[in-house]
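Pasting a structure below so you can have a look.
Here, each number is a calculation from the coordinates, and none is a lab measurement. Keep in mind that this is a model prediction, so the values were computed, not measured. Virtual Cβ from ideal backbone geometry, glycine too; neighbours counted across all protein chains shown.
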Amino acid sequence: MKILIALGRLCLNTLYYFLRLRPVKNRVCMLSRESDDVPADFLLLEKELLRIDGSLEIVYVCELLDTKHAGIIRIAANTLKCMNALSLSKACVADTYSLPVSILRHRRELVIAQIWHALGAVKKFGYQCLDKEGGRSSSSADALSMHKNYTFVTCASTATKEIYADAFRIESEKVRVIGMPRLDYLICDSQEKELKKSLLYQRYPTLKDKINILYAPTFRENDGIKLDEILHYVDFERYNVIVKAHVLTQDKPDCSRVVFSDESVLDLFSVANYVITDYSSVSFEAAAAKKKLFFYLYDLDEYERERGLNINPLREYPLISCKDFQNIYAKIESKEYPENELVRFYSRFIETDDGKCCERIANALLNSR
């Protein structure tokens, strides 16, 4: 296998050498495997880049691509699109691991920014969880140069900086506490948010009349979404439960009492009164959006043992964390939310909340070489 991968790398780099002979354009390419749609972070950053330089060309290569399960033809086609975009660009933005970003030999002048697709990391990822459940193998990470070639990585806090340096196995000084594009959106009031809220009410009329609980668990490769306790305790006469499953989740319970939504979690915040998650980065976004947040950690011991955690919410934020849903629901029913606990969480992981994240990232992208 190593010989085949080495041969593949040689072929790709040979092709890329000839692609790089073409003149570089005044272009920034943005690469994502998180969605077939252009991510909100990219759209927000594009707006700021064009404000700085209206002659910039922005090129997207966005495709939902799980490299563990996608076919070789899809991966090859996506790789070639990315190679073409990279070869003609003066800067690149990625929001997840990108094979061509990491394995190719790029021009020295090419700036590559990793903005990741999360405001932080409760669970371990990247190099933190090699050879563990949900992680890559050490051999594949080495063979595919996982998370190499970044000029800089962005994050929203000093606490997250050290986590990212570890997860990307990158020098700490290359992790810049300059924020995330989505943070600018989350902390501000805008007509766009009101419009999204209105559209959600049109699509789901029942959301207008009850208290809305948004449940957004992390992706579990071998397990579906656990709803039994939620269905048992929630009074659906007074509450709606909106379930936002990870885009890769296949096993979704057949239940008419909850609303399964494919809307962006950023949009769903506009109608949510409470947000419940577990080890997902949704927790940071919910805190930034000033939503009442709870951690539902029914498999905490097993998850920490098999995957590993950067943050143990039950130990570090016990007033908003529970292993059983009954206690969470009792806190919701009491109407006495421990705001100070949320403030502690927010203060630790959200430092760059001045509305200038896109400005800082755009300037770093255009001025790093």
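Specify the angular offset, from 0 to 90 degrees and rounded to the nearest 10, of the alpha carbon long axis of helix 40-52 from the longest principal axis of the alpha carbons in the chain.
Helix 40-52 and the main axis of the chain meet at about 50 degrees.
Dividing the alpha-carbon Rg of region 53-151 by 2.2 N^0.38 Å yields what? Each step should come with its number before you reach the end.
Details: Rg = 14.4 Å, N = 99, 2.2 N^0.38 = 12.6 Å.
Against the compact-globule rule of thumb, the ratio is 1.14.
How much mean residue ellipticity at 222 nm does the chain get from its helices, if each DSSP H run of length 4 or more adds -39500 (n - 2.57) and you divide by all residues, to the nearest 500 deg cm²/dmol? Show your work: numbers first, answer last.
Details: 16 runs with 149 residues, N = 369.
Helix-only estimate at 222 nm: -11500 deg cm²/dmol.
Taking only Cα atoms, what is the 0 to 90° angle, nearest 10, from helix 191-203's long axis to the longest principal axis of the chain?
60
Give the range of the longest stretch in the chain that excludes all chymotrypsin sites (Phe, Trp or Tyr not before Pro) found in loop regions by DSSP and having at most 16 other beta-carbon atoms within 10 Å.
Maximal segment without exposed cleavage sites: 1-218.
Given R₀ = 51 Å, what would the calculated FRET efficiency be for GLU339 paired with LEU43, taking r from the Cβ atoms and rounding to 0.05?
On the way: r = 32 Å, r/R0 = 0.62.
That gives a FRET efficiency of 0.95.
Once Rh is set to the Kirkwood radius over Cα pairs, what Stokes-Einstein translational diffusion coefficient, in µm²/s, holds for the chain at a temperature of 4 °C and a viscosity of 1.567 mPa s?
Working: Rh = 21.7 Å.
Rounded, D is 60 µm²/s.
Among GLN326, GLN191, GLN114, determine the one that fluctuates most according to a GNM of the chain built with springs between C-alpha atoms less than 10 Å apart.
The residue with the greatest mean-square fluctuation here is GLN191.
Within the set LYS290/LYS356; LYS25/LYS161; LYS81/LYS193; LYS193/LYS244; LYS193/LYS323, which residue pairs have Cα atoms separated by over 27 Å?
Values: LYS290/LYS356 18 Å; LYS25/LYS161 32 Å; LYS81/LYS193 33 Å; LYS193/LYS244 18 Å; LYS193/LYS323 33 Å.
From LYS290/LYS356; LYS25/LYS161; LYS81/LYS193; LYS193/LYS244; LYS193/LYS323, over 27 Å: LYS25/LYS161; LYS81/LYS193; LYS193/LYS323.
Quick check: from the Cα gyration tensor, does region 190-349 come out rounded (a/c under 1.5), prolate or oblate?
On the way: a/c = 1.42, a/b = 1.23, b/c = 1.15.
Because its axes are fairly even, with a/c under 1.5, region 190-349 counts as rounded.
Using only the alpha-carbon atoms, what does region 1-102 span along each of its principal axes? Please give whole angstrom values in decreasing order.
Cα extents, longest axis first: 47, 31, 17 Å.
Cut-off 10 angstrom, C-alpha nodes, Gaussian network model of the chain. Which of PRO23, PRO181, PRO100 fluctuates the most?
Taking springs between Cα atoms under 10 Å, the residue moving most is PRO23.
Give me the one-decimal nm value for the distance between modelled label points at ASN26 and ASP53, 7 Å along each residue's Cα-to-Cβ direction.
0.8
In whole Hz, what ³J(HN,Hα) sequence does region 169-180 give by Karplus (6.51, -1.76, 1.60; θ = phi - 60°), x for Gly and Pro?
With the stated coefficients, region 169-180 comes to 6, 10, 4, 4, 5, 7, 8, 9, 7, 10, x, 10 Hz.
Quick one: which residues, 5 or more positions from VAL111 or on another chain, have an amide H under 5 Å from its amide H? H modelled 1.01 Å from N in the peptide plane, none for Pro or chain starts.
Under 5 Å from the amide H of VAL111 lie the amide H atoms of ALA91, CYS92, each far enough along the sequence or on another chain.
OK, next. Amide H neighbours of PHE260 under 5 Å, at least 5 residues apart or on other chains, H built in the peptide plane: list them.
Answer set, sorted by chain and number: VAL243.
Could you pull out the trypsin sites (Lys or Arg not before Pro) across region 262-305 that fall in loop regions by DSSP (anything but H, G, I, E, B) with no more than 15 other Cβ atoms inside 10 Å? Walk me through the intermediate numbers first.
Details: sites: LYS290, LYS291, LYS292, ARG305; in loops: LYS290, LYS291.
Filter output for region 262-305: LYS290.
Still on this structure: Between LYS174 and GLU133, what FRET efficiency follows from the Cβ-Cβ distance if R0 is 35 Å, with the result rounded to 0.05? Kindly include the intermediate steps, with their values, before the conclusion.
On the way: r = 28 Å, r/R0 = 0.81.
Using R0 = 35 Å, I get an efficiency of 0.80.
Excluding residues fewer than 8 places away in the same chain, name every one of the lysines whose C-alpha is closer than 20 Å to that of LYS132.
LYS132 reaches LYS68, LYS123, LYS124.
With the chain treated as a Gaussian network of Cα nodes joined by springs under 10 Å, which of LEU309, LEU227, LEU183 yields the largest mean-square fluctuation?
Among LEU309, LEU227, LEU183, the largest GNM mean-square fluctuation belongs to LEU227.
To continue, here is another question. Would you list which aspartates and glutamates come within 19 Å of LYS197, measuring only between C-alpha atoms, while excluding same-chain residues fewer than 8 positions from it?
Reachable aspartates and glutamates: ASP184, ASP189, ASP209, ASP262, GLU263, ASP267, GLU285.
Which loop GluC sites (Glu not before Pro) in region 151-251, with loop taken from DSSP, have no more than 16 other Cβ atoms within 10 angstrom of their Cβ?
Passing sites in region 151-251 are GLU171, GLU221, GLU237.
While we're looking at this one, here's another question. Expected output is a single nm value to one decimal: the length gained when fully extending between GLU229 and ASP66, i.e. 0.36 nm times separation in residues minus the C-alpha distance. What is it? Don't skip to the answer; put the middle values down first.
Details: separation 163, 0.36 × 163 = 58.68 nm, distance 3.04 nm.
Residue separation times 0.36 nm, minus the Cα-Cα distance, leaves 55.6 nm.
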